[in-house]
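> Quick one: this structure, given as C-alpha cells, is what I'll be asking you about.
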Amino acid sequence: MKRLEYYWQILVPDEHRIGHEAHFRIVTEKYLQYLEQGKMPDWEVSNMIAKYYITTKALEMARQK
C-alpha cells in the first residue's frame, strides 16, 4: 500500500509577522474598544456564536464516551 502525504503550507508575509506580544497588544486594544462601545461588530458576534456552538457540542460529545 502506497502512503500519500498531503499538506498545506501557509506563507505569512514578513510585514505580518509581529510576534506574540505585539499581537496580544492589538487584540487587547480591540477588546477594550468593544467594551467601551458596549458591543461587538456583527461579524464578531456571529463568529462567537459559532465558536460557542462548536465548543459546547464538542464537550457534549466527549461526555457521551
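Quick note: the coordinates plus some simple rules give every number you see, no bench work behind them. Keep in mind it's a predicted model, so treat the numbers as computed, not measured. So basically every Cβ, Gly included, is an ideal-geometry build from the backbone, and we count neighbours across all protein chains shown.
> Give the longest segment of the chain that steers clear of chymotrypsin sites (Phe, Trp or Tyr not before Pro) in DSSP loops with at most 12 neighbouring Cβ atoms within 10 Å, not counting the sites themselves.
9-65
> In straight Cα distance, which aspartates and glutamates are under 19 Å from Lys30, not counting same-chain residues fewer than 8 positions off?
Glu21, Asp42, Glu44
> Here's a follow-up. Based on DSSP H runs of at least 4 residues, each adding -39500 (n - 2.57), what is the mean residue ellipticity at 222 nm of the chain after dividing by all its residues, to the nearest 500 deg cm²/dmol?
-22000 deg cm²/dmol
> Now, a different point. Starting from the Cα-Cα distance between Glu60 and Lys2, subtract it from 0.36 nm times their residue separation and give me the gain in nm to one decimal.
17.2 nm
> Using only the alpha-carbon atoms, what does the chain span along each of its principal axes? Please give whole angstrom values in decreasing order.
Between the extreme Cα coordinates on each principal axis of the chain lie 59, 42, 21 Å.
> Here's a follow-up. Charges at C-beta only: +1 for Lys and Arg, -1 for Asp and Glu. How large is the resulting dipole of the chain about its Cα centre, in Debye rounded to 20?
Once rounded to the nearest 20, the dipole reads 540 debye.
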